[in-house]
Amino acid sequence: MKNDWSNIEANNYIRKYKQKNVSKDLALRIYTTQLLGKNNKLVLHGGGNTSLKTTAKNIFNEKINVMNVKGSGWDMGSIDAPGLPAVELEPLLKTKQLSKLNDFDMVNLQRKCLLDSKSPNPSVETLLHAFLPFKFIDHTHANAILSLIDQPNDVAICKKIFSNKMGIVPYVIPGFDLAKLAYKIFKKNEKVEGLILLNHGIFTFGNTAKESYDRMIKYVTIAEKKLSKYKNNIINRKKNIKINSKLNHQIILPLIRKNLSNKNDDGSYTKWVFDIRVNQQILNYLDHKDLKIFTSKGTVTPDHVIRTKSKPLILNIKEYEATKIDLLLNKEIKKYKINYKKYYQKNKKFVKNTIELDGNPRLIFIPKFGIIAIGRSKKEAAIAGDLAEATVDIISKAESLGKFTSISEKEIFKVEYWPLEQAKLKTLKRAQLTGHITVISGGCGAIGLSIAREFINHGSEIVLLENNLTNIKNTPSDIAKVATIIKCDVTKNNDVKKAISEVVKIYGGVDIMISNAGAAWQGEIGRVNSKILKESFDLNFYAHQYLSQACIDIMLKQNTGGVLLYNITKQAVNPGNNFGPYGIPKASTLFLMRQYTLEYGKYGIRSNGINADRIRSGLVTDKMIALRSKARNVSEKEYMSGNLLNEEVLAEDVGKAFLSLALAKKTTGDIMTVDGGNIQAVLR
């Protein structure tokens, strides 16, 4: 493993944090924590922790011993000073005298010891860091270490490889008992440079940030070199496994979403988002004859269980027709849920006051297809996907060395239902649209972006279909970092089909379609060039139909309802002078919306439209405003606020209207006006 320490970069951190009144030691603590956290062979998504022992002054201006320790759930790769809160050290050290300390009292004490009450909860391993008498301590779940220690003969392996340089700590759930045991092991040989926590990970320590970091890289490298001597026949084969082209993701993924989704009392569905992982190593791993054996033993390190469950669902799909795949999925997912309920009933006595978690798998393994990681959001699914890929690496090497083993089912359950672990997931509560996948055409224009913001704020995953490269390039960063942008010409049916296929591959399906793309063509209807009329129909009618057809196909497979929303226009019912080329295809789109209402309501698919008027956007440009105000013999200001409320209507008003229709569970076939009041455009 490469040692990424850089004296130049270390000094940059010292200078940078000095300007923020952060000490040299804490600056270097942040630096090496980030070095560890950015290496996905060491830690992933909130795993691991680090600490620094130093001094500070309390409110009485007295110098006291403190420890900066990683906040629970914080990501080491991007951590900053607030993620390493300071705790008063002496009260924590006094707990060494206790024979017992429950989790509630431990967390309560750690919070009481915080110098700043607004700080995050200190790590569940705070006491372990406190008890070890070193200034800097690092803890990771390094892949190579886990491959070595997740073995039946783990102690013998560690003694042979690390000799007396590392202490060996038997598995105990993190907290007070582990801290006491680790300290006891350390006291037997205070010359050790670190501790191996069996079935868990590795600690290293030192008197400088560099020393502790260097030791981490040193011992992980020793483990990697040991493993490299054994041929990995699971993921490295003479003949690589190929993807089965008959396994169509546009059939499989929506059907999986169908069988995972639970119908709620109000008729809505609890929906899930996917993250698909496939590469040559994964394909080889999934095709191994012993896959079921070594994936049923448990997680590679305990804290993975809250993200991945203790085991994946393995699906061997031999029939490729949708109905047969659906029957298989229904049977296997039900069986998984029943087994999870049995697991809960058997082990609930070990953790008090638990409520059974949902029984859906978080990982589905399909040989010759890939790994499907599942979460309430794309971010959560991606975390499960990253952990799955790490698991492939760890188990394949563990099996090449010997036989992969995990902690017992009882111990896995205790971690899965441990309140201190579940607390890490409480930051994501299901909002109204959590788990929903929303596709917006014309997505990077003014109205599309306003719609996206509203739906993001209510928990939805967002896909923006956009054909304008300038708009794509200028997408605001707050949206670009959470949305998927697909270049798509919605006037071309094949483009639309490819785009929706890509959406399914990325997220698993489609729940809400917002057909928003449009442009205004003008001309006297009796004299207009037929080319102009055709271009307008291509974008303002056919594009809506192409997108609707592609999305309906997925929604019907999912069988969890769906929402079709259309940006129509008041021109559809209140035509403007010289605006026929725009209004006529839009009037057709209004009736297209009604037709989808009529034919697909029985499947729980709602279809509604927005009639907006005079919204500054890529359609209503400054040039167009000038032309239309001239055509109506009014000023531009009067034109934009020429409604009953005398108010200009904004793109964000349209976004809010689309959101309200998406949430209106009992509304379909409706046209909502967003025009400030235009009596001529009122439907009757």
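The values are calculated or read from the model by the stated rules, or taken from the named source; none is laboratory data. In this text, all values refer to a predicted model and were calculated from it rather than measured experimentally. Virtual Cβ from ideal backbone geometry, glycine too; neighbours counted across all protein chains shown. Keep in mind that these areas ignore ligands, DNA and RNA; they rest on the heavy atoms of the full protein, side chains included. Shrake-Rupley method; radii C 1.70, N 1.55, O 1.52, S 1.80 Å.
Filtering the range 33-51 down to residues that are more than 20 Å from LEU197 (Cβ to Cβ) and buried (at least 17 other Cβ atoms within 10 Å of the Cβ), which residue is farthest from the chain's Cα centre (by Cα)? Per the stated criteria, the residue is LEU35. Report yes if some residue within the range 499-513 is part of a strand (DSSP E or B) and surrounded by 22 or more Cβ atoms within 10 Å (Cβ to Cβ); otherwise report no. Taking every residue of the range 499-513 in turn, at least one turns out to be part of a strand (DSSP E or B) and surrounded by 22 or more Cβ atoms within 10 Å (Cβ to Cβ).
Condition (residue is in contact with a Lys or Arg (Cβ under 6 Å, 6 or more places away or on another chain) and touching a residue at least 12 places away in the same chain (Cβ under 8 Å)) applied to the range 444-453: is it met by at least one residue? No; the residues of the range 444-453 include none that is in contact with a Lys or Arg (Cβ under 6 Å, 6 or more places away or on another chain) and touching a residue at least 12 places away in the same chain (Cβ under 8 Å). If you go through the range 460-498 and keep only what is among the hydroxyl-bearing types (Ser, Thr, Tyr) and touching an Asp or Glu at 6+ places or on another chain (Cβ under 7 Å), you end up with just THR491. Reported count of residues in the range 207-248, each being open to solvent by less than 90 Å² (accessible area, probe 1.4 Å), aliphatic (A, V, I, L, M), in contact with a Phe, Trp or Tyr (Cβ under 8 Å, 6 or more places away or on another chain) and assigned to a loop (DSSP other than H, G, I, E, B), is 3. Scan the range 154-173 and give yes if some residue there is among the polar types (S, T, N, Q) and modelled with pLDDT of 95 or more, otherwise no. For the range 154-173, residues among the polar types (S, T, N, Q) and modelled with pLDDT of 95 or more: absent.
Restricting the range 625-684 to residues that are open to solvent by less than 50 Å² (accessible area, probe 1.4 Å) and β-branched (Val, Ile, Thr) leaves a set whose member that is nearest to THR589 (Cα to Cα) is ILE671.
Checking each residue in the range 465-495 for being open to solvent by less than 50 Å² (accessible area, probe 1.4 Å), assigned to a loop (DSSP other than H, G, I, E, B), more than 17 Å from ASP538 (Cα to Cα) and of a type outside the set (S, T, N, Q) picks out PRO476, ALA483. Restricted to helices (runs of 4 or more DSSP H) entirely inside the range 599-663, those with at least 3 residues that are hydrophobic (A, V, I, L, M, F, W, C) and under 30 Å from HIS436 (Cβ atoms) are 651-663. Taken residue by residue, the range 317-331 has no member that is open to solvent by 20 Å² or more (accessible area, probe 1.4 Å), of a type in the set (S, T, N, Q), under 27 Å from LYS226 (Cβ atoms) and assigned to a helix (DSSP H, G or I).
Residue-by-condition table, conditions (1) surrounded by 24 or more Cβ atoms within 10 Å (Cβ to Cβ); (2) of a type outside the set (D, E, K, R); (3) closer than 24 Å to ALA664 by Cβ; (4) in contact (Cβ under 8 Å) with a residue 24 or more places away in the chain:
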position: TYR582; (1), (2), (3), (4): yes, yes, no, yes
position: GLN595; (1), (2), (3), (4): no, yes, yes, no
position: GLU599; (1), (2), (3), (4): no, no, yes, no
position: LYS602; (1), (2), (3), (4): no, no, yes, no
position: GLY609; (1), (2), (3), (4): yes, yes, yes, yes
position: VAL620; (1), (2), (3), (4): no, yes, no, yes
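Is there a residue being at pLDDT below 95 and assigned to a loop (DSSP other than H, G, I, E, B) anywhere in the range 580-597? No, because not a single residue in the range 580-597 is at pLDDT below 95 and assigned to a loop (DSSP other than H, G, I, E, B).
From the list LYS2, LYS41, LYS53, LYS70, the lone residue that is at pLDDT 95 or above, in contact with a Lys or Arg (Cβ under 6 Å, 6 or more places away or on another chain) and either charged (D, E, K, R) or under 20 Å from ILE217 (Cα atoms) (or both) is LYS53.
Inspection of the range 567-574 identifies at least one residue that is under 32 Å from the mean Cα position of the chain (by Cα) and open to solvent by 10 Å² or more (accessible area, probe 1.4 Å). Pairs meeting the criteria (first residue in the range 396-412 and free of Cβ contacts under 8 Å to residues at least 40 places away in the same chain, second residue crowded, with 22+ Cβ neighbours inside 10 Å and of a type outside the set (D, E, K, R), beta carbons under 7 Å, at least 6 apart or on different chains) are lacking.
All conditions in (1) within 25 Å of PRO254 (Cα to Cα); (2) open to solvent by 30 Å² or more (accessible area, probe 1.4 Å); (3) touching a residue at least 60 places away in the same chain (Cβ under 8 Å); (4) assigned to a loop (DSSP other than H, G, I, E, B) hold for ALA431, with the sole exception of (3). Looking only at residues of the range 377-389 that are open to solvent by 10 Å² or more (accessible area, probe 1.4 Å) and in a helix (DSSP H, G or I), we find that the one that is farthest from THR438 (Cα to Cα) is GLU389. Just give me the residues in the range 342-370 being part of a helix (DSSP H, G or I) and surrounded by fewer than 12 Cβ atoms within 10 Å (Cβ to Cβ), in sequence order. Hits for the range 342-370 are LYS342, GLN345, LYS349. Among the residues making up the range 521-577, those that are polar (S, T, N, Q), farther than 19 Å from GLN595 by Cβ and part of a helix (DSSP H, G or I) are SER530, SER536, GLN558, GLN571. Screening THR126 with (1) within 17 Å of LYS96 (Cα to Cα); (2) in contact with a helix residue (DSSP H, G or I) (Cβ under 7 Å, 6 or more places away or on another chain); (3) at pLDDT below 95 gives one miss only, at (3).
A search for C-beta distances below 7 Å between a residue of the range 99-114 that is on the phi < 0 side of the Ramachandran plot and any residue that is in a strand (DSSP E or B), counting only pairs 6+ apart in sequence or on different chains, returns GLN110/VAL87; GLN110/PRO122; CYS113/VAL87; CYS113/GLU88; LEU114/VAL87.
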